[in-house]
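The values are calculated or read from the model by the stated rules, or taken from the named source; none is laboratory data. Small disclaimer: the values here were computed from a predicted structure and weren't measured. Here the Cβ positions follow ideal geometry from the backbone for every residue, glycine too, while neighbour counts run over all protein chains shown. These area figures cover heavy atoms from the full protein model, side chains too; ligands, DNA and RNA do not enter into them. Shrake-Rupley method; radii C 1.70, N 1.55, O 1.52, S 1.80 Å.
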Amino acid sequence: MYYRSSNIAARIFDRQISTPAPGTSVHHARRFYENLVPSYTVYEVECPDHSFRKFTDDGQYLISFSRNHQELIVYRPRWLSFSCNDDDCDKHDLPSKARRFDSFFTQLYCVSLASCNELICKDFFLYMDSNQFGLFATSTAQIHDAPAVGGAVQGVPSIEKITFHLLRLEDGEILDRKVFSNDFVNLTHNMGVFLYDDLLAIVSLRYQTIHILQIRDSGNLVHVRAIGEFCREDDELFLNSNAQDISSSDKNKQHQSTENHVENQMHQGQPHMGNSFLSGIKQRLLSFIFQGLWNEESDDTLRMQRLRMKFYFHFQDYVDLIIWKVQFLDRHHLLIKFGSVDGGVSRNADHHPAFVAVYNMDTTEIVSFYQNSADELYLLFEKFCDHFHVTSRNSMYMNFVSSHSNNIHALEQLRSIKDKASNSSQFVKKMLASLPFSCQSLSPSPYFDQSLFRFDDKLISATDRHRQSTDHPIKFILRNYPHSLKFKIKPGPEAGSMDGRAKKISSFLFHPILPFALSIQQTLFLQPSVVNIHFRR
């Protein structure tokens with residue numbers, strides 16, 4: 001109880017004379033955040049009219065974009081400093097310059113990323129903290145009724161040009177670019193791209209291909225492999241050489257008898273064998289499902305009945321599945337989400353049936369396959385959630401993000417929701433809808449650590465999402481004794497909004513280390529945002 005004293009001096013003294021249990025030193029150090037909180041707010045800060053994206057996970061940079069979505073503006077956070085002649089400066093109001101954005105941030109540079117017909121995708125940004133590289137995307141407008149040509153999936157929109165830009169954030173130099181033409185990558189909240197260490201997975205929804213790229217230390221984007229139509233590097237070479245052998249054999253048979261000649265003409269009138277092939281990843285999936293059902297029964301009669309009901313009856317449904325989303329589980333395994341075409345391009349795919357599969361890139365095999373309402377998958381999700389929230393080896397800040405597999409309070413909250421659910425199957429489906437997780441979608445701020453603070457996760461959470469704004473302050477209460485209110489975060493003007501009819505949304509950008517946060521409130525009518533700065537005075 002002595003260590004939990006709210007007196008920070010007592011905690012520092014206790015740290016000097018006691019040693020925490022092995023493996024708990026970081027958790028003990030993080031308890032100091034119970035004393036160091038962003039308890040002071042500067043409302044309606046005078047700031048440039050930019051779209052603020054997020055702090056990088058190491059806290060070195062604040063990423064923002066111009067309102068016309070043409071330019072990237074990067075800031076360095078700094079602490080407000082001012083002089084005071086009195087002994088107790090806390091009694092005085094902050095100077096007028098504290099209301100200015102540049103008192104808290106220093107602009108490092110402004111870089112033009114988008115061409116005249118492209119716009120920056122403001123919801124997309126990935127950070128590689130080992131090299132301090134940033135990955136950004138620009139694109140042209142979507143074409144919703146684009147014809148499905150060249151193997152494209154019918155019903156998936158097309159974007160004439162998608163460009164990924166790799167920047168060194170230290171100085172803003174553009175190191176490399178990767179362009180996708182007449183394709184579709186879902187860039188909303190990083191959904192179509194996943195970064196793990198130096199490996200990058202980009203999902204082409206339109207052509208059903210997972211592009212694996214490597215980010216070199218030199219800043220080059222190097223194509224490693226493409227998974228989709230082909231799985232192994234030599235698959236295409238093998239199929240092309242085999243097709244040439246078949247073609248040569250057919251030409252030789254044309255010199256045979258008249259009956260054979262007629263028969264060959266009929267054969268040549270059919271579609272080419274290669275055009276009827278399923279993609280490599282789809283063949284792997286169907287083989288895994290078939291083998292699993294085959295091995296479930298030893299009796300041949302029962303085996304065939306099971307295959308008819310479970311495989312052949314649903315064969316076309318499996319064939320029609322498309323890849324929605326992908327994440328790395330490690331450097332060798334991918335978690336792939338499959339579903340219908342409608343669900344792949346819908347803003348709310350939760351209502352569409354879906355499946356998840358684990359794919360081994362080295363062996364090109366499907367390791368496991370589940371429907372998104374499977375109880376077995378939910379149990380894995382509940383017990384081993386952190387294994388799905390994979391982070392790069394250098395992202396030490398992300399190792400302490402609360403989840404129901406590492407935090408008893410988050411687990412109790414999940415089980416409370418589960419107990420209240422009227423339909424167990426719908427609950428499981430809703431929970432598993434988040435798989436695969438979007439890359440870098442969680443804030444590592446200690447103020448979202450549920451072992452330290454309690455808050456209303458309907459209003460604010462570690463997840464990077466806009467939320468319905470409220471005129472009431474969001475309270476952060478100590479999880480431990482004395483369970484007192486430590487600080488509040490209130491978006492928007494201090495006196496509240498004058499227009500109660502306007503729909504307002506808020507976003508919260510917490511610094512990953514410092515007691516420092518931005519709350520940004522905006523309306524849907526493109527009015528200037530209201531930016532508040534919350535910090536420890």
Here the residues within region 160-182 that are open to solvent by less than 10 Å² (accessible area, probe 1.4 Å) and either outside any loop (DSSP other than H, G, I, E, B) or in contact with a His (Cβ under 7 Å, 6 or more places away or on another chain) (or both) are Ile162, Thr163, Phe164, His165, Leu166, Leu167
For region 365-406, name all the residues that are of a type in the set (S, T, N, Q) and either in a helix (DSSP H, G or I) or open to solvent by 60 Å² or more (accessible area, probe 1.4 Å) (or both). Gln371, Asn394, Asn399, Asn406
Go over the candidates Tyr359, Tyr397 one by one and state the one that is of a type outside the set (A, V, I, L, M) and at pLDDT 90 or above. Tyr359
Checking the condition closer than 16 Å to His534 by Cα, open to solvent by 70 Å² or more (accessible area, probe 1.4 Å) and touching a Phe, Trp or Tyr at 6+ places or on another chain (Cβ under 7 Å), which residue from Lys486, Lys475 passes? Lys475
Counting only residues that are open to solvent by less than 10 Å² (accessible area, probe 1.4 Å) and either among the polar types (S, T, N, Q) or touching a strand residue (DSSP E or B) at 6+ places or on another chain (Cβ under 7 Å) (or both), region 413-463 contains a total of 7
Looking at region 141-153, I want the residues that are over 13 Å from Asn182 (Cβ atoms) and have a partner that is surrounded by 12 or more Cβ atoms within 10 Å (Cβ to Cβ) and of a type in the set (S, T, N, Q) with Cβ atoms under 7 Å, at least 6 apart or on another chain. Which pairs are those? none
Condition set in contact (Cβ under 8 Å) with a residue 24 or more places away in the chain and farther than 25 Å from Gln154 by Cα, scope region 290-333, selection surrounded by the most Cβ atoms within 10 Å (Cβ to Cβ): answer is Phe328
Under 6 Å between Cβ atoms, which residue pairs at least 6 apart in sequence (or on different chains) link something in region 29-58 that is within 15 Å of Pro528 (Cα to Cα) with a partner that is β-branched (Val, Ile, Thr) and surrounded by fewer than 17 Cβ atoms within 10 Å (Cβ to Cβ)? none
Which of (1) touching a residue at least 60 places away in the same chain (Cβ under 8 Å); (2) open to solvent by less than 40 Å² (accessible area, probe 1.4 Å); (3) of a type in the set (Gly, Ala, Ser) is the odd one out, the single condition Ala502 does not satisfy? (1)
Failed criterion for Ala148 (all others in (1) part of a loop (DSSP other than H, G, I, E, B); (2) under 22 Å from Glu173 (Cα atoms) hold): (2)
Checked region 512-531 for anything farther than 21 Å from Arg78 by Cβ, among the hydrophobic types (A, V, I, L, M, F, W, C) and assigned to a strand (DSSP E or B); matches are Val530
The number of residues in region 373-421 that are within 26 Å of Tyr196 (Cβ to Cβ) and of a type in the set (Asp, Glu) is 3
Looking at Ser434, Ser451, can you tell me which residue is within 21 Å of Ile408 (Cα to Cα), free of Cβ contacts under 8 Å to residues at least 40 places away in the same chain and assigned to a loop (DSSP other than H, G, I, E, B)? Ser434
Pairs please, first residue from region 471-497 and closer than 19 Å to His27 by Cβ, second anywhere and open to solvent by 50 Å² or more (accessible area, probe 1.4 Å) and part of a loop (DSSP other than H, G, I, E, B), Cβ atoms under 9 Å, 6+ apart in sequence or on different chains. Leu478/Ser6; Asn480/Arg4; Tyr481/Met1; Tyr481/Arg4; Lys486/Ser39
